[in-house]
Amino acid sequence: MGVQKMGLILAFFGFLFFDGLLLSSAYNVHHYSFILRETNFTRLCTTKSMFTVNHQWPGPAIHVRKGDRAFVNVHNEGDYGVTIHWHGVRQPRNPWSDGPENITQCPIKPGKNFTYEVIFSTEEGTLWWHAHSDWSRATIHGAIVILPQRGSAYPFPKPYAEHVLILAEWFNGDVKELIDNATATGADPTVSDGYAINGQLGFPNNCSSDTSYRLSVVPGKTYLLRLVNAVMNEEMFFGIAKHNLTVVAQDGAYIKPLTTSYIMITPGQTMDILLTANQAASYYYIAATPFFDSGAPFDSTNTSAILQYTGTYTPPTSPAYPTLPNVTDVDAADNFTTRIRALASREHPVDVPKNITKQIVITVSVNQILCANASCGGPDGNRLSASLNNISFSTPKIDILQAYYKALSGVFDRDFPAKPPYVFNYTGDVGNNTLYPHVATKAHIIKYGESVEIVYQGTNVGNAENHPLHLHGFSFYLVGTGYGNWDPANSTTYNLADPPEVNTIGVPKNGWAVIRFVADNPGTLSFSLLLSLLSPTIIYIYIYIYIYMFVYGLRMIWGCFAGVWFMHCHLERHASWGMDTVLIVLNGPTKETSIRPPPANLPTCS
């Protein structure tokens, strides 16, 4: 065997060895066991059985560091199938463990289990996990805490302690029966009966004051509050009486510190907040109230917890309650959200795509589907629906990722349009020209490496309201928002210097929002992240072998597959009505830019 061939073989095996060493040394591994089963809970003077993880509501928190990996074995001991989604985790090359039911996997059947491999990469801060089947996320959800890498620090003084706060909704009835009945009749689902902070509804709700969640603080100390909005159908205002809040991160990415007396957070979003216990030792209410500027029904109740100072003092009979904006106060919501800017520091840079190679314009609407003889429970006897680009998504029986990977026909179409099928005055007097959508299962194909801009255009069709849009598999930059109809001239107002990097954004009622990202998933961890996780010796050897292989043309063909990523409204009733679609990002030219093979124990679709 020639020296050159021997060199190539050694380089190849060296590459495999060090690639494996790289992967094994680049992260710490964490293991969790989630047991899904029914558990009794009593709230609002009502006892009922709820589908939960490990008997907890909210469920257990996952704790990792930036770049780590978690294996979560989910055992389904419930009565129906379920999946788990790791909200905001990019999952490089790994849509198999992303979780949306019948999009990237079929549900885990009762009596079965599936181990998710959750791959963390660039995320740092707070994210969350939740069920992604029907409305089961109402009771199956929990926080993901992503600490900085060892040797790194927060871009702010280290807090004295950290606490997770999860906003959620309580339904007196069975949540699955609620959505099943609404789906069967075509009517609007029954609204929740209350909101909760860490599973407790608190004052002023019935049978709730004595069980309020209590957050104990030491006078003079600063705390990091990790806030998750797991609410199903309402955006929320949040505040603490007589205390300012300093927001330092959103959706697992740092922002410029924003000091405020209240925040507005949409379903799906997370925020990291610094709180300094700088008031007189006492009790203070922590409260959350809905923000809902729409004519649709909603839960108008409030929830609260208690901030309780340590020390010796006489507790007040009536603690101070925060002053939060009115439920329809759009100006207050905008005043908060429009001030959010990425940290954009040397250690936490932004990289906003400037030269867009792929633009998608999507109208976002609430619609109706005609029912024979006006036999449904929605407006005018029709069925309530929702759409993106006038297409109401129909969830298939076989997951789209598997169908694409195995080239199964008849599961979905690849022609989701890159622009609205009709051009009209989207936020004006729309009439009925787009009231009735086309029901279909469609996806949109994007080439690997494209610089993508998506314009979300809210419409006045049906019932206009804010829409929190979430894209799986990516963090993206929110570069612009506004009211009225988006126009290319609006791009002159884009923030390309320090836009927030997020995974869920609110499209304003009768307005628009624009996001940008690079379609690099399937892909690998960013090179800068890998370098930060490796020792110098391994870096030099890895680079040497990689260059050696490149020079001698040692390449492999990794197939022509792709990553499948769900995009949907995070108001659960809108997602149930079809305000969803799928983006399919084609493979890149190498193994490191291509989808990983499916796991051996992927749930079956039969």
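Among all helices in the chain defined by DSSP H, which have a length of 27 Å or more along the axis from Cα atoms plus a Kyte-Doolittle mean of at least -0.5?
Going by DSSP H runs, the hits are 3-25.
Using a 1.4 angstrom probe on heavy atoms only, work out the carbon and sulfur share of the accessible area of segment 159-246 in %. Can you show the working numbers first?
Working: 1430 of 3020 Å².
Its accessible area is 47 percent carbon and sulfur atoms.
Rounded to a whole number of µm²/s, how large is the Stokes-Einstein D of segment 136-216 at 10 °C and 1.306 mPa s, given Rh as the Kirkwood radius over C-alpha pairs?
On the way: Rh = 15.9 Å.
Roughly 100 µm²/s, to the nearest whole number.
For a quick check of your reading of the filter: which trypsin sites (Lys or Arg not before Pro) in segment 413-507 sit in a DSSP loop and have no more than 13 other Cβ atoms within 10 Å? All intermediate terms of the calculation are to be shown ahead of the outcome.
On the way: sites: R414, K442, K447; in loops: R414, K447.
Within segment 413-507, the qualifying trypsin sites (Lys or Arg not before Pro) (loop, at most 13 other Cβ atoms within 10 Å) are R414.
How much mean residue ellipticity at 222 nm does the chain get from its helices, if each DSSP H run of length 4 or more adds -39500 (n - 2.57) and you divide by all residues, to the nearest 500 deg cm²/dmol?
Theoretical 222 nm ellipticity from helices: -4000 deg cm²/dmol.
Taking the alpha carbon gyration tensor of segment 29-338, what are the square roots of 5 times its eigenvalues, largest first, to the nearest whole Å?
30, 25, 18
Quick check: net charge around H85, other residues with Cβ under 11 Å of its Cβ, Lys/Arg +1 and Asp/Glu -1?
Working: positive: R137; negative: D98, E101.
Here the count lands on -1.
Put one equal scatterer on each alpha carbon of segment 313-412, apply the Debye formula with no solvent term, and list log10 I(q)/I(0) at q = 0.20, 0.23, 0.24 1/Å to two decimals.
-1.12, -1.16, -1.18
Output the pairs from K354/K397; K358/K591; K66/K256; K158/K354; K419/K509; K176/K221 with a Cα-Cα distance over 31 Å in this structure; if there are none, say none.
Pairs exceeding the cut-off: K354/K397; K158/K354; K176/K221.
Between N326 and R214, what's the calculated FRET efficiency when r is the beta-carbon distance and R0 is 25 Å? Round to 0.05.
0.35
What residues of segment 469-496 lie in the reach of a label at K358, counting those whose backbone N is under 13 Å from a point 7 Å from the Cα along Cα→Cβ?
Counting backbone N atoms under 13 Å from the label point, the list is 474.
Report the charge-dipole magnitude of segment 29-338 in Debye, nearest 20, computed about the Cα centre from +1 at each Lys and Arg Cβ and -1 at each Asp and Glu Cβ.
Details: 19 positive and 27 negative charges, 260 e Å.
Here the size comes out at about 1240 debye.
In square angstrom, what is the accessible area per residue of segment 29-338 with a 1.4 angstrom probe?
That works out to 33 Å² per residue.
Net charge around A372, counting only other residues with Cβ within less than 15 Å of its Cβ (Lys, Arg = +1; Asp, Glu = -1)?
Result for the local shell: 0.
Take every Cα pair under 8 Å in the chain that's 6+ residues apart, average their separations, divide by the length, and report that relative contact order as a whole percent.
Computed value for the chain: 15 percent relative contact order.
Got a sec? Charge dipole of segment 29-338, +1 on Cβ for Lys and Arg, -1 for Asp and Glu; which of N40, F120, F238 is way out at the positive end?
It is F120.
Suppose R0 equals 30 Å. What FRET efficiency, 1/(1 + (r/R0)^6) with r the Cβ-Cβ distance, do Y483 and A440 give to the nearest 0.05?
0.50
Around Q279, with a cut-off of 14 angstrom between Cβ atoms, what is the net charge of the other residues, counting Lys and Arg +1 and Asp and Glu -1?
Spelling it out: positives minus negatives among the neighbours equals +2.
Considering just Cα atoms, how many Å³ per residue does the convex hull of the chain enclose?
Expressed per residue, the convex hull around the Cα atoms of the chain is 157 Å³.
Students often get this wrong: which residues of segment 138-182 have the backbone nitrogen under 18 Å from the point 7 angstrom along Cα-to-C-beta of N206?
In segment 138-182, the label zone of N206 (backbone N under 18 Å from the point 7 Å along Cα→Cβ) covers 170-174.
Measure off 7 Å from each Cα along the Cα-to-Cβ vector at Y313 and N463, then give the distance between these two points in nanometres to one decimal.
A separation of 4.4 nm, rounded to one decimal place.
Please identify which residues in segment 114-154 have an amide N closer than 16 Å to a label point set 7 Å out from the Cα of E77, following the Cα→Cβ vector.
Only 114 pass the distance filter.
The values are calculated or read from the model by the stated rules, or taken from the named source; none is laboratory data. Note that the structure is predicted; figures quoted are calculated from it, not measured. For neighbour counting, all protein chains shown are included, and Cβ atoms are generated from backbone atoms with ideal geometry for every residue, glycine included. What goes into the accessible areas is simple: the full protein's heavy atoms, side chains included, and nothing from ligands, DNA or RNA. Shrake-Rupley method; radii C 1.70, N 1.55, O 1.52, S 1.80 Å.
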